[in-house]
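None of the figures in this text is laboratory data; all of them are computed from the coordinates on show. All of these numbers come straight from a predicted model, not from anything done at the bench. Cβ atoms come from the backbone with ideal geometry, glycine included; neighbour counts cover every protein chain shown.
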Ligand SMILES: Nc1ncnc2c1ncn2[C@@H]1O[C@H](COP(=O)(O)OP(=O)(O)O)[C@@H](O)[C@H]1O
Ligand SMILES: [Mg+2]
């Protein structure tokens, strides 16, 4: 359910790039009506503020619908509390100092786990992608480990590392490792053989060849892999915190579920959505500048 | 320069450090053979190729498409190893990815994420001081008419511009043996003539041995000391060898309209299987076949 197989990674990566580069702008219904200024990618939808505003339309509609449904009494408050009471729950948690703490600890776990997993994925992926021997040795085992559903690790990690930070970081690192590992391996194997040969013909070997030709050629797909790894990190964070923790957004979800605090559960979900979207947007910015440089 | 006399060759090699890649090297091929393993079975491409190129000589290689011209260059560059025969550069066997050679590939093969200037810089021998390297790159880009495009990426320029950058990269290496695989193939007619003259200028100012693959017989006759015609020796044979070697008369720069060249052109085209129609008022040409 969690580990996306490599082909999906690649496809997702390329589609992300295609839309980023072109701004996914649709020309008007009648392109000729735009006159001389009409170019592919022009029109109001090509402008950033317009797209940002349009992206906010659906959340605003949802918010209004939520307010209407709860105010009209169609749904009981213990099933779906009003937006206002979720806001009140947020203010209440913030005043106790818990909201900031939960957000901070969850973000910290995701960032650390992601960095560890991504670094390992890059290193192991490079070795497996470049060395046939390493590939023959490691690939089957890593493939089998990747096939293990994420939740299956939780009891074992708790047994080995107790309920401390290590077990959670390890789980998140596992989640971040595989998308990076699989994309790096695939990307390095598919570097244009003509370019590698040209690099060798001009005297590049070993680390120099890797740095000058192979890694740069792999950058676009590796960045797509990193983005996917970050999304996986949030997924694995919640898995870890749901089962074994005393703070964090996953804990808030679990604890509130046990106490029937639907307002706090909704708050936790909204926060996860906002944080996930924010970190994804940040890595998207990094992706854009990297692709400008390397693609 | 006409085929270098052996005395000139000897002086050239004694005055320069023989380990220096920049010294023009003689190239010798003895019975070179290459057979590729394909799913349909072994595919012989080259067999018994003998060729001797003097240091500083320009030799053009012509032959029908797919006959193994690129394969032959790859053997000389050490990008691929023959499975029969020997290849010597300056009397020593070719090493894998031989540093004494520089190849301008049939495709430009530029690194897409580097500017043209940085791509050309890849050809500058390692250990060259940075300032000198930058100066050389600028000079070469200027030489191939790309000074204004130094900061562009390969995908921002035309195929012909990319090919010229690829040529500049090969020249940057100051190779003992310059291997050019249809280097002007993607150029428009006018740029092609300019680049041919440029190659001759470069060669005159700093002699290097040049092996030039081309499908343009006129280009071969304009540039080369000798033209090697590759092809199968017997009709229907799968493998390629040297069918004939033509020594081109006259010193460079040559007159493109030289009547002697026209005759050789007809002879080479005939060898390539292209029927030529000689003007009726030129009985000599008619009888020369
Ligand atoms: N690595 C290879 N494996 C199998 N066949 C090859 C390989 N390289 C070249 N060939 C075959 O060798 C023949 C000559 O190729 P090439 O040297 O590129 O021809 P040319 O440059 O004269 O057009 C072609 O038929 C080609 O298919
Ligand atoms: Mg070829």
Using R₀ = 51 Å, calculate the FRET efficiency as 1/(1 + (r/R₀)^6) where r is the Cβ-Cβ separation of residue A:166 and residue B:139; round to 0.05. 0.30
Which value in deg cm²/dmol, rounded to the nearest 500, describes the helix-derived mean residue ellipticity at 222 nm for chain B, given -39,500 (n - 2.57) per DSSP H run of n ≥ 4 and division by the residue count? -10000 deg cm²/dmol
Please work out the C-alpha center-to-center distance from the stretch B:102-130 to the stretch B:68-91 and express it in whole Å. 22
Quick one: what does P(r) look like for chain B with 10 Å bins over all Cα pairs, in whole %? 6, 27, 34, 24, 8, 1, 0
Work out Dmax and Rg for the protein assembly as shown from the C-alpha atoms and quote the Rg first, both in angstrom. 33.1, 109
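Ignoring everything except DSSP H segments at least 4 long, calculate the 222 nm mean residue ellipticity for chain A; use -39,500 (n - 2.57) per segment, divide by total residues, nearest 500.
Working: 13 runs with 221 residues, N = 295.
After summing the helix terms and dividing by residue count, I get -25000 deg cm²/dmol.
Can you sort A:288, A:162 by how many other beta carbons sit within 10 Å, fewest first? Can you show the working numbers first?
Numbers: A:288 14, A:162 11.
Ordered from fewest to most neighbouring Cβ atoms within 10 Å, A:288, A:162 come out as A:162, A:288.
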To one decimal place, what Kirkwood hydrodynamic radius in Å is obtained for chain A from all pairs of distinct Cα atoms? 22.0
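Beyond 18 Å, what percent of the Cα pairs of the stretch B:110-174 remain?
Details: 474 of 2080 pairs.
Value for the stretch B:110-174 (Cα pairs over 18 Å): 23 percent.
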What's the percent breakdown of Cα-Cα distances in the stretch A:59-207 across 10 Å bins, shortest bin first? 10, 22, 21, 20, 15, 9, 3, 0
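Report the antiparallel proportion of the DSSP beta bridges in the protein assembly as shown as a percent, rounded to a multiple of 5.
Approximately 55 percent, going by the DSSP bridge assignments.
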The residues A:294, A:87, B:113, A:234, sorted from fewest to most surrounding Cβ atoms within 10 Å, come out as A:87, A:294, B:113, A:234
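What does the structure give for A:157-165 when I average, per residue, the other chain Cβ atoms found within 10 Å of the residue Cβ? Each step should come with its number before you reach the end.
Working: counts 0, 0, 0, 0, 0, 0, 0, 0, 0.
Shielding by partners across A:157-165 averages 0.
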Calculate the mean, over all residues of peptide B:167-174, of how many other protein chain Cβ atoms lie within 10 angstrom of the residue's Cβ. 1
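Subtract the Cα-Cα distance of residue A:120 and residue A:94 from 0.36 nm times their separation in residues, and report this length gain in nm to one decimal. Could you put the intermediate results ahead of the total?
Values: separation 26, 0.36 × 26 = 9.36 nm, distance 3.60 nm.
My answer for the length gained is 5.8 nm.
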Between the helical axis of B:6-15 and the dominant principal axis of chain B, each derived from Cα atoms, what acute angle in degrees is found, rounded to the nearest 10? 10
Using a ≥ b ≥ c from the Cα gyration tensor of the stretch A:46-85 (square roots of the eigenvalues), is it rounded, prolate or oblate, where a/c under 1.5 gives rounded and otherwise the larger of a/b and b/c decides, a/b for prolate? prolate
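To the nearest whole number, what is the average tally of beta carbon atoms from other chains within 10 Å of the beta carbons of peptide B:115-127? Kindly include the intermediate steps, with their values, before the conclusion.
Working: counts 0, 0, 0, 1, 2, 0, 0, 8, 3, 1, 2, 4, 0.
The per-residue average across the peptide is 2.
Mind giving me the FRET efficiency for residue A:290 and residue A:67? R0 is 51 Å, r the Cβ-Cβ distance, nearest 0.05 is fine. Kindly include the intermediate steps, with their values, before the conclusion.
On the way: r = 41 Å, r/R0 = 0.81.
Efficiency, from the Cβ-Cβ distance: 0.80.
When A:221, A:106 are ordered from fewest to most other Cβ atoms inside 10 Å of their Cβ, what list results?
Details: A:221 22, A:106 27.
Sorted ascending by nearby Cβ count, the order is A:221, A:106.
Grab the beta carbon distance between residue A:76 and residue A:138, set R0 = 51 Å, and tell me the FRET efficiency rounded to 0.05. Each step should come with its number before you reach the end.
Details: r = 54 Å, r/R0 = 1.07.
Plugging the Cβ-Cβ distance into 1/(1 + (r/R0)^6) gives 0.40.
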